[in-house]
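The values are calculated or read from the model by the stated rules, or taken from the named source; none is laboratory data. The structure displayed is predicted, hence computed values, not measured ones. Glycine gets a Cβ as well: all are built from the backbone with ideal geometry, and neighbour counts include every protein chain shown. Protein only, heavy atoms only, side chains kept; ligands, DNA and RNA dropped before computing areas. Shrake-Rupley method; radii C 1.70, N 1.55, O 1.52, S 1.80 Å.
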Amino acid sequence: DTAVSQTPKYLVTQMGNDKSIKCEQNLGHDTMYWYKQDSKKFLKIMFSYNNKELIINETVPNRFSPKSPDKAHLNLHINSLELGDSAVYFCASSPYDRVYGYTFGSGTRLTVV
Amino acid sequence: QQQVKQSPQSLIVQKGGISIINCAYENTAFDYFPWYQQFPGKGPALLIAIRPDVSEKKEGRFTISFNKSAKQFSLHIMDSQPGDSATYFCAATTTSGTYKYIFGTGTRLKVLA
């Protein structure tokens, strides 16, 4: 069983489109995250949710909107996609009260053409 | 102050050699320092982590050395193997509040057979 699973693994879309990436974790963790890894491999946090509540919102364009229907799911919706949005997006989860056990998914490679 | 500086950007080591990757931070509130290993097409996976109350932690061939006064920490991979070829990220976070990892810029390690 995959602990943190993301779908789709690859996403190719045209500029201006709207797309969503889904993430699910079966670890029983309270907190979930979205990270963006750019072409230079730099990893940066975008959002974090704890028990469906937004707790971290970095400086991310309003076109990015996370949604957490329950604590096991955190989806990322992106409106009006731009070329610069091309990157690998990683979902992660962790227990809220322990810094250990921070687990990443395998990533979604988004390519905007 | 939120940055974690990592060097070198890339590293080539002969099989059996020692790989050394260095990181430096500025925020003295950081109190948890993990290292992540990322293979192509995969998400980062926790390799080893250290807290500032110890100066060294060893797990198998992997050792973290920590210098609190210099605000530096490093990963040593002893007897490096071709299977260790991956991108390595250091990270830092505080263990109070939300666990927002600040990642280094990554080191691409290649171990030659």
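Remarks
- Per-residue mean of foreign Cβ neighbours for A:36-45 is 5 (Cβ atoms of other chains, 10 Å radius).
- Average Cα contact separation per residue, the range A:60-113, under 8 Å, 6 or more apart, as relative contact order %: 30
- Note on chain B: with charges restricted to the Cβ of Lys and Arg (+1) and Asp and Glu (-1), its dipole about the Cα centre is near 180 debye.
- Amide hydrogen neighbours beyond the local backbone of residue B:32, cut-off 5 Å, H modeled: B:93
- Computed over chain B: relative contact order in percent, which uses C-alpha pairs under 8 Å that are six or more apart: 37
- Remark: mean inter-chain Cβ contacts per residue of A:100-112 equal 3, using a 10 Å Cβ-Cβ cutoff to other protein chain atoms.
- Stokes-Einstein D for chain A, Kirkwood Rh over Cα pairs, 25 °C, 0.890 mPa s (µm²/s): 176
- Principal axis box of the range B:1-65, alpha-carbon based, largest edge first, Å: 37, 24, 21
- Surface share of carbon and sulfur [accessible, 1.4 angstrom probe, percent] for the range B:1-96: 49
- Expressed in Å, the radius of gyration and Dmax of the Cα atoms of the range A:1-62 are 13.3, 36.
- Ratio of Rg to Rh over chain B (Cα coordinates, Kirkwood Rh, two decimals): 0.96
- Members of A:19/A:40; B:71/B:110; A:44/B:42 lying beyond 25 Å, as alpha-carbon distances in this model show: B:71/B:110
- Computed over neighbours whose Cβ is under 9 Å from that of residue A:11, the net charge equals +3, Lys and Arg +1, Asp and Glu -1.
- Percent of Cα pairs exceeding the 25 Å cut-off, where the set is the protein assembly as shown: 41
- Ordered by 1.4 Å accessible area with all protein chains kept, A:53, A:58 run largest first as A:53, A:58.
- Estimated Rh, the range B:63-113: Kirkwood, alpha-carbon pairs, angstrom: 12.9
- Put the Cα centre of the range A:79-94 next to the Cα centre of the range B:50-109 and the gap is 26 Å.
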